[in-house]
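Working notes, structure below.
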Amino acid sequence: MTQRLRDYLRFAAWQSGISYLVLWAMTWWALDNGLSVFGGSATCRVEQVRILFYWACAPDSVLFVLAAAANAAFTLTIWAPVFVLLASANAALLPVAATAVVTHLIGLPAAIFVVARAMLKLSGLLRRLGGRASSSAVSRPTWPAPTVPTTNVSWSTGRPSILPTGSDR
């Protein structure tokens, strides 16, 4: 039972992290290429809402679904602080603000988990591939063991003597 729960939680963490990364990728894509994709179409236009902007496409357009996905990505990422601020004055915006906050509270740690695990797997793969190549080509050098310098310790004080003793003069 606990193994099944652990597997479900691992699956949920991976899916949340990957979804969060895709959400930010969609946002950056829409910011970079939105004008050329949506602006070049006769059925899409920029819908200006005070300080925010969204893409508005005709419902029968092929780009309608893509514009809706870009607008959802904008709402959950770059416009999230605005909706959180507006929700403090307008309770009707509270569900949007809460969704944005929960998305970041769950998505960001999950995305960090996914990236860290992917980097760990990649470094293990590179280490295995590099280990095979180096072990077959050249043997590893052996280094001599480090030596520890010894000092003269005075039996009467228990401290190392800095000055040479009478016999060394």
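The residues on offer are L23, L9, L5, and the sole one that is buried (at least 16 other Cβ atoms within 10 Å of the Cβ) and at pLDDT 90 or above is L23. Selection of the stretch 74-95 for residues being part of a helix (DSSP H, G or I), in contact with a Phe, Trp or Tyr (Cβ under 8 Å, 6 or more places away or on another chain) and buried (at least 19 other Cβ atoms within 10 Å of the Cβ) yields F74, T75.
In contact (Cβ under 8 Å) with a residue 40 or more places away in the chain and outside any strand (DSSP E or B): does that describe T99? Give the derivation first.
Numbers: in contact (Cβ under 8 Å) with a residue 40 or more places away in the chain: no; outside any strand (DSSP E or B): yes.
No, not satisfied.
Would you point out the residue of the stretch 53-67, among those that are touching a strand residue (DSSP E or B) at 6+ places or on another chain (Cβ under 8 Å) and without any contact (Cβ under 8 Å) to a residue 24 or more places away in the chain, that is surrounded by the most Cβ atoms within 10 Å (Cβ to Cβ)? Per the criteria, the residue is C57.
Residue-level check: of (1) loosely packed, with under 15 Cβ neighbours inside 10 Å; (2) more than 27 Å from the chain's Cα centre (by Cα), T43 misses just (1).
The values are calculated or read from the model by the stated rules, or taken from the named source; none is laboratory data. As the structure is a prediction and not an experimental result, all values here were calculated from the model. Methodologically, a virtual Cβ is constructed for each residue, glycine included, from the backbone with ideal geometry; neighbour enumeration extends over all protein chains shown.
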